[in-house]
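**Q** Quick one: the structure is below, questions incoming.
Values quoted throughout were computed directly from the atomic coordinates according to the rules given, and no laboratory measurement underlies them. For clarity, every value in this text was computed on a predicted model and none was experimentally measured. Here Cβ is always computed from backbone atoms with ideal geometry, including for glycine, and neighbour counts include all displayed protein chains.
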Amino acid sequence: MGMTTDQGGSRAPAVRRALVVLDALAFERRARPADLARAAGLAKSSASDLIGTLLDEHMLARSGDDLILGNALTEIAAGFVDDIATVRRFGIGWERSIALREHTVTLQSLIGVHSVCVAVRLGGHVLPYTPRAGSRLPLWGANGAEPVLRPVPRDDIRRTLDEFPESSPDEASLREWAASGEDGPTPAPAADGLEPAPSATGNLEINAFVSSGSRRGGAVVATVHVAPSAAVDISGLTVALEEFAGDLGPRAA
């Protein structure tokens, strides 16, 4: 988990504890109330009050004896993509896909010089880096453009840089790369299909373009994360991801 109760001071301890709880669930997907109390460093009575408030505000929801992230967070995340239905279809589609549900898959939105993980479903394979909802990663690294950019039209990349300017060296590099029309190093074809591209996180990625996103967010990409040492059916994953991404795109009114 990326947040602890003593990070960044304690000007608003109740808010910070709530964020710790939400951060824990973003990583674990579901947890018992006692587990969240330990994560937030709270006594059971205090945790009960906090969890009750988050339930009332629909930031949390119940699933049997467990707690999960609530609809309010799904609605917030939907602001980065096309609509709330896209996020819901993401979860349903992952559950139904025999090929994908063994693997960690994310829905990412390109915001300026970063990719923001809008939604994630965790598979059974151990990864060098485990993505979680809300995490941000740079789009430009030591080796140039990150793999998530490869399926995205250059016009969409330029649009997100214009809408979320940062005046940083990474932005300048991304603008130059987007204007060049060069796709950068392309993975060599393997005998059974295209190999995943290495990311700066240590994961290998297969990426598929979903949509140009909403006016409040950038292009949306679906990503399968694979461990470098994993023996997987890359060709089958690629086909499954392309179909999955196609189903996630905006629907006609």
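**Q** Residues in region 39-70 that are surrounded by 14 or more Cβ atoms within 10 Å (Cβ to Cβ) and not small (Gly, Ala, Ser): how many?
**A** 12
**Q** How about region 212-246: which of its residues are crowded, with 18+ Cβ neighbours inside 10 Å, over 14 Å from the mean Cα position of the chain (by Cα) and hydroxyl-bearing (Ser, Thr, Tyr)?
**A** 212, 238
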